[in-house]
Amino acid sequence: MAADIGLVGLGTMGAALALNIAEKGFEIAVYNRTTSVTTAFVAGAGDLAARITPCDSLEALVAALTPPRAIILMVPAGAPVDEMIDRLTPLLDTDDLVIDCGNANFHDTVRRAAAAAERGAPYLGVGVSGGEEGARHGPAIMGGGPKAAWDRVAPVFDAIAARFGTTPCAGWMGPDGAGHFVKTVHNGIEYADMQMIAEVYGVLRDGLGLTPLQVADVFDRWNGGPLKSYLIEITGIVARALDPKTGKPMLDVIKDSAGQKGTGRWTAIEALMLGAPDTAIEAAVAARNLSARVAERVEGARIFGLSPEPVPVDGMVDKLEAALLAGKIACYAQGFGLLAAASKEFGWSLPLGGIARVWRAGCIIRSAMLDDMAAAMETGEGANLMFAPQFAEKLKRSEGGLRAVVAAAALARIPTPALSAALAYFDTMHTARGTANMLQAQRDFFGAHGFERVDMAGAHHGPWGSHEQ
Ligand code: NDP
């Protein structure tokens, strides 16, 4: 029986995606580099195996598909994707469609899309978020490439995507690298969201002396309020979990050292390149890097002996909730600012409201607030999300909490890099007269760069005279 769609790479994500596709009634042909994995996959697919055609070669995969073919790649980003494209290209017809659903760097996707276009072939770069569980039961899906190519496979992606109400969380973001760029920024926001939560956990643990179970109670409560989101929910769950080996709280036996994969770093790099600062995300990436320097931190602890001190208890838990709310709004404002800058730079016309809508369910950063963000970005109520009336109101109510938490944490020697970055961004963006006049004066002094004046047009120089270098 000829299959509707093919899939290469039956690892964590590919296997889950293939089962999801089969479950939604599509015939799917699958191939994996290691054939025993394919055999085991089909053996474990239960009733769904009837709609899955296992293939032991790429030739067999291509032969199993109905032309014009569509083949999903779910292999590690980078060289394996190029390798697969190189091996598939001679086997495919010009109108066959290759779809990279991994976490590619969007620059690679732009390059691969251009190479495919040169052959007259379509190519899609599609971001898939939600981890294994999402891939199996409903991820958020961000497509990029020729719109006509997206439309060909949209029925499959719509069918397997998460639902917000009845709306599928899948969408076409724009040409070539747009889908992978949006997924990258999603992951960058995910980094900052997680980091801010970890910082709040730090204040609860080291500043208020809460046990993991008490931390769990706080997050469970918050998940019933404006912070309601997947990440707040799972924070409560992980804080409550006990280690089966020792009976201790799971959090207490996990090493405080995190890695960072490509996407968070890529977000920070692109933000800097595009001049659209994402300081909360940059802080989150840096925090993960510094967390990995465990021995150095232990040495720092020995040299300085500066242990955390208690923070004022009064109202602190409520202030922490407000801090997360304000920090989150500032961080998302930065993320959407980066998307807007990239859209302009690359001529993508990214649908900012549509992106928020796709993120409402299925993905790791899904939250109650994203529906309101979608509305704000859709109507263009504010070029900066923080200025959209609904979010400006939220910030007016919560910025005091963020300020109190950052100040208390600083005095108590508890690091809050992402929350601090979010606060500094907020404070910068409501300061009508900043301090770059000083920078301009300095630059003119040593480099005769000139400056604009507040009271007359044109370029001017200062009275530095013979001091000029
Ligand atoms: P896994 O490591 O679980 O699986 C990788 C798959 O790719 C395996 O099927 C493996 O085959 C195959 N593979 C590896 N190298 C090659 C190669 N050189 N040529 C051909 N096949 C190869 O990865 P994931 O499923 O976790 O990730 C796949 C993609 O999805 C990545 O881009 C990842 O960043 C992205 N992603 C992952 C998420 C997650 O939560 N895990 C979430 C969202 C995206 P074999 O069995 O032969 O080793």
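Filtered by the rule that a residue be within 14 Å of the ligand (Cβ to nearest atom) and crowded, with 19+ Cβ neighbours inside 10 Å, segment 68-78 gives I71, I72, L73, M74, V75. Among residues of segment 91-119 that are within 24 Å of G131 (Cβ to Cβ), those with a beta-carbon under 6 Å from a residue that is part of a loop (DSSP other than H, G, I, E, B) and away from the ligand (no atom under 14 Å from the Cβ) at least six positions away or on a different chain give the pairs F106/G177; T109/G177. Across segment 1-37, the qualifying residues are those that are more than 16 Å from the ligand (Cβ to nearest atom) and among the hydrophobic types (A, V, I, L, M, F, W, C), and the one among them that is farthest from G362 (Cα to Cα) is M1.
Highlighted here are the helices (runs of 4 or more DSSP H) found entirely within segment 87-175 that include at least 2 residues which are away from the ligand (no atom under 16 Å from the Cβ): 106-118, 147-160. Looking only at segment 287-315, which residues are among the aliphatic types (A, V, I, L, M) and touching a helix residue (DSSP H, G or I) at 6+ places or on another chain (Cβ under 7 Å)? Passing the criteria: A287, V311.
Selection of first residues in segment 374-403 that are closer than 17 Å to G337 by Cα and of second residues that are among the polar types (S, T, N, Q) and assigned to a helix (DSSP H, G or I), restricted to Cβ pairs under 7 Å at least 6 apart or on distinct chains, gives the following pairs, ordered by first then second residue: A376/Q390.
Contact annotation: residue pairs with Cβ atoms under 7 Å, 6 or more positions apart or on different chains, pairing a residue in segment 56-84 that is free of Cβ contacts under 8 Å to residues at least 40 places away in the same chain with a partner that is open to solvent by 20 Å² or more (accessible area, probe 1.4 Å) and within 8 Å of the ligand (Cβ to nearest atom), are V81/V75.
Yes/no per residue for (1) within 31 Å of the chain's Cα centre (by Cα); (2) hydroxyl-bearing (S, T, Y):
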site	(1), (2)
A2	no, no
S36	no, yes
G44	no, no
C101	yes, no
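Restricting segment 327-371 to residues that are in a helix (DSSP H, G or I) and among the hydroxyl-bearing types (S, T, Y), the residue that is surrounded by the fewest Cβ atoms within 10 Å (Cβ to Cβ) is S343.
Is it true that V81 is open to solvent by less than 10 Å² (accessible area, probe 1.4 Å), near the ligand (Cβ under 9 Å from one of its atoms) and not in a strand (DSSP E or B)? Talk me through it step by step, then tell me what you get.
Numbers: open to solvent by less than 10 Å² (accessible area, probe 1.4 Å): yes; near the ligand (Cβ under 9 Å from one of its atoms): yes; not in a strand (DSSP E or B): yes.
Answer is yes for this residue.
Checked against the criteria, I269 counts as open to solvent by 50 Å² or more (accessible area, probe 1.4 Å), part of a helix (DSSP H, G or I) and under 30 Å from A341 (Cα atoms). Is there a residue in segment 250-264 that is surrounded by 19 or more Cβ atoms within 10 Å (Cβ to Cβ) and within 16 Å of the ligand (Cβ to nearest atom)? Yes, segment 250-264 has at least one match.
Checking the stated criteria, K183 turns out not to satisfy the condition of being at pLDDT 95 or above and surrounded by fewer than 19 Cβ atoms within 10 Å (Cβ to Cβ).
Out of all the residues in segment 142-156, which are more than 20 Å from A340 (Cβ to Cβ) and in contact with a Gly (Cβ under 7 Å, 6 or more places away or on another chain)?
Narrowing segment 142-156 to residues more than 20 Å from A340 (Cβ to Cβ): 145-156.
If the condition is that a residue be more than 20 Å from A340 (Cβ to Cβ) and in contact with a Gly (Cβ under 7 Å, 6 or more places away or on another chain), then G145, W150 are the ones that fit.
What's the total number of residues in segment 213-249 that are part of a strand (DSSP E or B), open to solvent by less than 80 Å² (accessible area, probe 1.4 Å) and over 23 Å from G130 (Cα atoms)? Residues in segment 213-249 being part of a strand (DSSP E or B), open to solvent by less than 80 Å² (accessible area, probe 1.4 Å) and over 23 Å from G130 (Cα atoms): 1 in total.
Across segment 1-45, what is the number of residues that are out of contact with any Leu (no Cβ under 7 Å at 6 or more places or on another chain), in a helix (DSSP H, G or I) and open to solvent by less than 50 Å² (accessible area, probe 1.4 Å)? Can you show your working first?
Step one: filter segment 1-45 for residues out of contact with any Leu (no Cβ under 7 Å at 6 or more places or on another chain), giving 1, 4-5, 10-13, 15-16, 20-21, 24-27, 33-36, 39-40, 42-44.
Applying the additional criterion that residues be in a helix (DSSP H, G or I) yields 12-13, 15-16, 20-21, 35-36, 39-40, 42-43.
Cutting the leftovers down to open to solvent by less than 50 Å² (accessible area, probe 1.4 Å) gives us 13, 15-16, 20-21, 42.
Number of matching residues: 6.
Candidates in segment 46-56 are the residues that are open to solvent by less than 40 Å² (accessible area, probe 1.4 Å) and assigned to a strand (DSSP E or B); of these, the one that is nearest to the ligand (Cβ to nearest atom) is C55.
Which of the residues that make up segment 282-309 are part of a helix (DSSP H, G or I) and not aliphatic (A, V, I, L, M)?
E282, R288, N289, S291, E296, R297, E299, G300, R302, F304
With the structure loaded, tell me whether A192 is under 17 Å from G335 (Cα atoms), open to solvent by 10 Å² or more (accessible area, probe 1.4 Å), small (G, A, S) and touching an Asp or Glu at 6+ places or on another chain (Cβ under 9 Å) or whether it fails that test. So A192 does not fit the description; no.
From A40, A64, grab the single residue that is modelled with pLDDT of 95 or more, away from the ligand (no atom under 15 Å from the Cβ) and among the aliphatic types (A, V, I, L, M). Walk me through it before giving the result.
Working: A40 fails: away from the ligand (no atom under 15 Å from the Cβ).
Checking each option against the conditions leaves just A64.
The values are calculated or read from the model by the stated rules, or taken from the named source; none is laboratory data. Just so we're clear, the structure is a prediction, and the values are computed from it rather than from any experiment. Positions of Cβ are generated from backbone atoms using ideal geometry, with glycine treated the same way; all protein chains shown enter the neighbour counts. Heavy atoms of the whole protein, side chains included, go into the accessibility calculation; ligands, DNA and RNA do not. Shrake-Rupley method; radii C 1.70, N 1.55, O 1.52, S 1.80 Å.
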